[in-house]
Amino acid sequence: MRDTYSAQAVEAEVQARWKAKDVYRAVEDALDSNGKPKPKFYVCSMLPYPSGKLHMGHVRNYTLNDVMYRFYRMKGYNVMTPMGWDAFGLPAENAAIAKKVAPAQWTYNNIDDMKKQMEPLGLAFDWSREVATCRPEYYRWNQWMFLKMLEKGIAYRKTQIVNWDPVDKTVLANEQVIDGRGWRSGAVVEKREIPGYYLGITQYADELLKDIEKLEGWPEQVRRMQEHWIGRSEGVTVRFPYELNGNAKLLSVYTTRADTLMGVSFVAIAAEHPLASYLAKDRPDLQAFIEECAKGGVSEADMATMEKKGVATGFTVSHPITGEAVPVWIANYVLMGYGEGAVMGVPSHDERDFAFAKKYGLPIKQVVAMKGADYSTEAWQDWYGDKTLETYAVNSGKYDGLSIHDAIDAIATDLEAKGLGQREVKFRLRDWGISRQRYWGTPIPMINCPCCGPVPVPYEDLPVVLPEDLVPDGSGNPLVKCEAFTKVKCPKCGGDAERETDTMDTFVDSSWYFQRYCSPDCTSAMVDKRADYWMPMDQYIGGIEHAVLHLLYARFWTKVMRDLGLVKYDEPFKNLFTQGMLMAECYYREEADGRKRWFYPDEVEVRFDEKGRPVGAICKEDGEPVVLGGIEKMSKSKNNVVEPREIIKKYGADTARSFVMFAGPPDQSAAWSNSGAEGTYRFLRRIWNWAYQNAERVRAASDETLADAAYGHDAKHLRREIHATLKQAEYDYGRMQYNTVVSACMKMFNTVEGFKAYETDDGARALRESVSILLRTLYPIAPHITTALWEELGFAERSGDLIDAPWPVVSEAALKADELTLVVQVNGKLRGQITVPAEAVQDEIERAALACPEALKFFEGLTVRKVIVVKKKLVNIVAN
């Protein structure tokens with residue numbers, strides 16, 4: 001055994017043995033030592049994007065996953081934890097443009113580099129199940145699933161409104177539009193209507209909403225976020241009649257507040273609405289406004305934050321109840337893609353409409369009142385639009401005095417009787433547009449024929465392989481210019497045709513990868529019967545930022561797979577854990593142009609006050625001050641990323657793993673600290689040093705435990721402390737409070753280190769048992785040092801490798817104390833302590849307290865009035 005702890009040497013040796021034995025390869029239907037099937041446990045972290053660089057935030061995420069794997073394996077489960085790469089997407093294209101290389105080359109190089117960075121951490125990934133979503137053998141099944149959805153009417157084609165950069169000639173994501181301009185070109189962005197493919201997730205809206213209640217192992221916050229995103233609402237579709245060129249027509253509006261219909265003072269339509277286009281034919285002012293609207297964003301977030309603008313068309317529709325003329329406005333805050341592209345303006349009871357009406361001098365008519373509350377058009381008050389309050393209708397004719405729900409019901413009934421409305425359930429959720437006018441993604445398996453229109457690629461021709469040698473230059477999708485890809489024959493008529501050059505949204509790739517892990521080598525289907533063994537997943541781990549879209553799409557995709565007969569389960573994830581972020585100090589200096597220059601931590605020398613608090617910093621290079629930027633999420637943009645390579649090189653992987661677990665509760669943000677990491681390293685080194693000094697003593701002791709009564713006082717105390725700490729650690733492992741597990745291991749080691757009664761047989765046995773428990777408790781968090789010490793101290797030769805060792809069992813007998821230590825008070829003040837037998841009766845405890853020499857001097861000569869015994873805690877002597 002080495003006399004000093006060399007983390008790097010220990011970790012290299014242990015990992016080499018694990019690799020040689022292929023210890024993390026998962027197999028289905030594994031049996032225990034008695035030949036019985038083990039219960040399965042599938043734990044998985046959300047797959048990373050191969051950016052090329054790991055930081056300690058990644059280490060925290062994957063260590064959480066790894067600790068759970070090792071703990072459940074020790075508990076007798078057949079555990080699987082795989083890893084893969086979310087490898088398609090816009091970042092690769094952007095990097096390719098900047099570096100003038102193919103995205104494929106950049107992506108594959110990054111995958112290789114990140115795997116090399118992961119290897120020293122000793123993570124328990126079954127790499128035989130690795131998937132990369134940019135590989136044809138994976139995205140073939142994206143295409144197959146799309147075609148199946150097309151057959152079932154779940155996938156369909158329709159026009160969509162997008163952000164168009166007229167200089168780069170490409171569609172931009174909402175986040176690429178900055179102040180109305182393209183992020184690269186700076187050109188004013190236009191709205192364009194182009195055809196695209198959609199997946200009908202709204203067909204599953206009811207089930208997706210209802211099944212949220214099944215997700216008992218998910219955080220309540222995430223469940224509510226999903227519920228809000230789906231957004232079920234009960235309302236009324238109201239139709240406003242109008243005449244156009246002698247033809248009777250209806251303008252449809254959906255509202256959840258039909259009780260406010262009598263307060264409508266205008267109707268607003270989207271700039272893209274067909275009626276808007278018609279009315280603008282001979283109106284240059286309307287045409288100009290429509291063109292202005294075309295330069296805005298296309299997201300709900302854009303609508304919420306933009307200045308509300310509108311133009312009166314001079315056209316009117318008829319109020320469906322009163323028949324009065326209602327003016328039609330074109331407004332920039334109405335999106336054609338949501339609802340019918342029209343809203344009814346009720347300024348008195350909708351805050352947005354209120355602001356719009358005040359701006360343009362439109363009537364504001366109160367139609368809802370609340371007892372004890374005054375209404376004024378001078379300023380908006382929240383109760384005006386709050387439908388949870390007990391309000392009633394006013395200024396609404398026959399509906400006056402009705403409560404909100406009665407008014408909605410009465411108005412809906414009247415509209416239905418007139419054929420001008422009906423009750424409807426609608427969802428905030430919209431169908432999922434998957435078409436992206438980008439190169440680095442799954443090709444949509446469609447062929448556009450001038451004679452036959454869009455034609456599906458035959459199943460036998462899958463996959464449609466994406467050429468990997470194209471280098472994007474930012475001027476549109478390079479697939480459009482690649483004739484080797486685009487020029488094909490129509491499968492239907494045999495004539496000349498072109499492949500669809502749009503690629504799929506990358507959320508498609510991440511919607512089912514966790515199922516592919518179960519059968520990654522299956523060539524005949526997306527998944528096979530192995531998915532029925534491993535799924536649904538027992539524990540999914542990932543960031544709260546994926547609480548809505550990724551998780552919702554994954555649930556939807558699973559339900560479609562079920563309906564196609566591919567899987568037998570309704571929901572993919574039994575339990576979800578959202579981990580907190582790892583934070584780190586950041587430092588900057590403001591440049592002359594107002595920009596911030598961010599410094600790496602090793603470029604800065606921090607100065608502290610006498611209490612160890614940071615009070616300033618200077619740049620090591622020039623000695624000039626830099627600003628303490630505070631604790632922020634690790635980010636490359638702020639240069640506060642701590643790379644695991646440097647930490648492992650200095651302290652070892654076990655220190656990196658142990659500190660990121662110890663830094664704070666896993667579901668909360670925690671701060672990285674170099675001094676904290678150094679302290680963790682010292683703790684591990686202390687364990688190694690103690691083991692070196694006591695190796696022979698531990699090896700020589702027997703593994704057999706004695707009857708509890710056979711242990712002496714000191715050995716009993718050791719076992720009681722160790723088993724009590726083990727009990728708490730086991731509980732904390734089960735609830736993923738790994739920071740307190742590290743604390744428990746520190747407490748255990750302090751107890752072991754302080755034990756000196758090891759010369760006797762019972763003491764030696766208790767010591768060996770305690771060390772065995774310590775190593776097994778610490779193992780999931782620091783697997784390398786514990787594995788090495790398990791072997792060095794002779795446990796492996798008697799009990800097998802630590803990776804296959806069972807979790808230690810808490811001895812209830814050991815937990816029972818044979819003695820109690822009680823504090824002694826005199827007139828309520830602490831004056832001493834006594835040790836009594838655990839089963840001592842009241843009289844024995846009183847006699848021992850009155851004989852306590854430390855306490856005696858405080859009541860000697862006084863009259864003892866009474867002695868109060870608080871069971872298992874204290875004795876209070878009352879004297880005067």
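The values are calculated or read from the model by the stated rules, or taken from the named source; none is laboratory data. As the structure is a computational prediction, the values presented were derived from the model and not from experiment. Methodologically, a virtual Cβ is constructed for each residue, glycine included, from the backbone with ideal geometry; neighbour enumeration extends over all protein chains shown.
Remarks
- In the set (1) over 30 Å from Leu850 (Cα atoms); (2) exposed (fewer than 14 other Cβ atoms within 10 Å of the Cβ); (3) among the hydroxyl-bearing types (Ser, Thr, Tyr), Thr787 fails one condition alone, (2).
- Restricting the range 735-789 to residues that are in a loop (DSSP other than H, G, I, E, B) and small (Gly, Ala, Ser) leaves a set whose member that is modelled with the highest pLDDT is Ala782.
- Flag for Ser743 being of a type outside the set (Lys, Arg), surrounded by fewer than 17 Cβ atoms within 10 Å (Cβ to Cβ), more than 19 Å from Leu767 (Cβ to Cβ) and touching a residue at least 12 places away in the same chain (Cβ under 8 Å): yes
- Within the range 69-124, the set of residues being aromatic (Phe, Trp, Tyr), within 29 Å of Met736 (Cβ to Cβ) and either without any contact (Cβ under 8 Å) to a residue 40 or more places away in the chain or in a strand (DSSP E or B) (or both) comprises Tyr72, Tyr77, Trp85.
- Residue within the range 61-68 that is in contact with a Pro (Cβ under 7 Å, 6 or more places away or on another chain), among the hydrophobic types (A, V, I, L, M, F, W, C) and at pLDDT below 95 present: no
- Enumeration of residues in the range 307-332 that are in a strand (DSSP E or B) and on the phi > 0 side of the Ramachandran plot: Gly314
- Unique residue being in the same structural domain as Leu335 (by TED's automatic domain parsing) and either under 30 Å from Glu151 (Cβ atoms) or assigned to a loop (DSSP other than H, G, I, E, B) (or both) when the list is Ala248, Ala271, Ala205, Ala276: Ala271
- Subset of the range 389-418 that is among the small types (Gly, Ala, Ser) and either loosely packed, with under 13 Cβ neighbours inside 10 Å or in contact with a His (Cβ under 9 Å, 6 or more places away or on another chain) (or both) - its residue that is farthest from Ser348 (Cα to Cα): Ala417
- Within the range 453-478, residues that are under 28 Å from Ala155 (Cα atoms) sit with their Cβ atoms under 9 Å from residues that are surrounded by fewer than 18 Cβ atoms within 10 Å (Cβ to Cβ) and of a type in the set (Gly, Ala, Ser), at 6+ positions apart or across chains, in these pairs: Pro467/Ala484.
- Within the range 167-214, the set of residues being modelled with pLDDT of 80 or more, within 27 Å of the chain's Cα centre (by Cα) and small (Gly, Ala, Ser) comprises Gly200, Ala205.
- Test: residue in the range 831-852 that is of a type in the set (Lys, Arg), outside the structural domain of Lys727 (by TED's automatic domain parsing), touching a residue at least 24 places away in the same chain (Cβ under 8 Å) and on the phi > 0 side of the Ramachandran plot: no
- In the range 167-183, the residues that are touching an Asp or Glu at 6+ places or on another chain (Cβ under 6 Å) and either of a type in the set (A, V, I, L, M, F, W, C) or surrounded by fewer than 16 Cβ atoms within 10 Å (Cβ to Cβ) (or both): Leu172
- Checked against the criteria, Gly763 does not count as within 30 Å of Arg657 (Cα to Cα) and surrounded by fewer than 24 Cβ atoms within 10 Å (Cβ to Cβ).
- Tally, over the range 149-166, of residues that are modelled with pLDDT of 90 or more and either surrounded by fewer than 18 Cβ atoms within 10 Å (Cβ to Cβ) or of a type in the set (Val, Ile, Thr) (or both): 7
- Of the residues making up the range 823-880, just one is of a type in the set (Asp, Glu), surrounded by 11 or more Cβ atoms within 10 Å (Cβ to Cβ) and closer than 25 Å to Lys716 by Cα, namely Glu844.
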